[in-house]
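**Student:** Can you keep this structure in mind? I'll have questions shortly.
Every read-out reported here was derived from the displayed coordinates using simple, explicitly stated rules and does not represent laboratory data. The structure presented is a predicted model; accordingly, all values stated were derived computationally and were not measured. Glycine also receives a Cβ, built like all others from the backbone with ideal geometry; neighbour counts cover every protein chain displayed.
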Amino acid sequence: MEHQNETAQVNPQDESSTTTPQPFRTLTFLLLTRHSTRSFLPHPFPTMRSPITRPKHPQQLQSAVSARQKSYRHYRSALGKQLYGPDGYDVARDQEEGMEKARMRNYTFFDAPVGMIICMDKSLAEGDVMCVGMYVQTLYLFLAERGVASCVQVSVARYPEVIKEVSGIGEDMLILSGVAVGFEVAAAKLNELRIGRDAWRECDKFIE
C-alpha cells in the first residue's frame, strides 16, 4: 500500500486544520505556523496550570553552536536584515536613535505582559541540554495551542547579574535566555516576519 504523507495534508493558512482530532494534524500545524511575536496586546495574562510549568528537574536551553563563530555569523546577519529592514523596524544602521529604540524593545519583552527567564543549575551536565530543548519546545507548542504567542529573548542573557539582582535568581543558576509571552497584535508588521530555516538535509547526517 502506498504511504500517504500526512504532513502534506495540512494547510497552515487553513484555520480548520486545527479542528481535526488527529494529533499529527495539531502538532504539524503548530510546527508550521508558530513564530516569534514582537508586538503584544496589553491584555493581562491568565494563570495557567500545566505539568510543564514547574519541571521536576532544573533544565537548560543552550544552543549547540555559537552564533559568534565565523561560519555561523550569516544566520545572525540574515536575521538582522529582516528584523531591521523594510519588512521589520525599517531603520537604517546609521540611524542611531531608531536602532537604539528598536534594540531596547528586547529589554521590555516587546511590551508582553509576561516575561520568562530560562535558566539552569550550573551543576548539570552537558547532556542535560537535550532535556531542556525538549522542555522549551513543549512550552512553546503548549502556548501556541492555546493561542498564546511567544518570542525567545536571547539578548537579556547578556546581563545575568542584572537579572539575578531583580529576580532573586541564585548564583548557582546560569541565565540562558528570556521568553516574551502574551497575546499577539495580529496587524503588526513585525509579527509577519518568518525567519528562514535550513533544510533538514543540510542539518542531519545519516550513517549506514
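**Student:** What ranking of THR108, THR138, THR26, THR37 emerges when the number of other C-beta atoms within 10 Å of each C-beta is taken as an exposure proxy, fewest first?
**Tutor:** Taking fewest neighbouring Cβ atoms as first place, the list is THR108, THR138, THR26, THR37.
**Student:** Right, next: What residues qualify as long-range amide H neighbours of PHE40, i.e. H under 5 Å apart, gap of 5 or more or another chain, H built at 1.01 Å from N?
**Tutor:** When sequence neighbours closer than 5 places are left aside, the close amide H contacts are VAL185.
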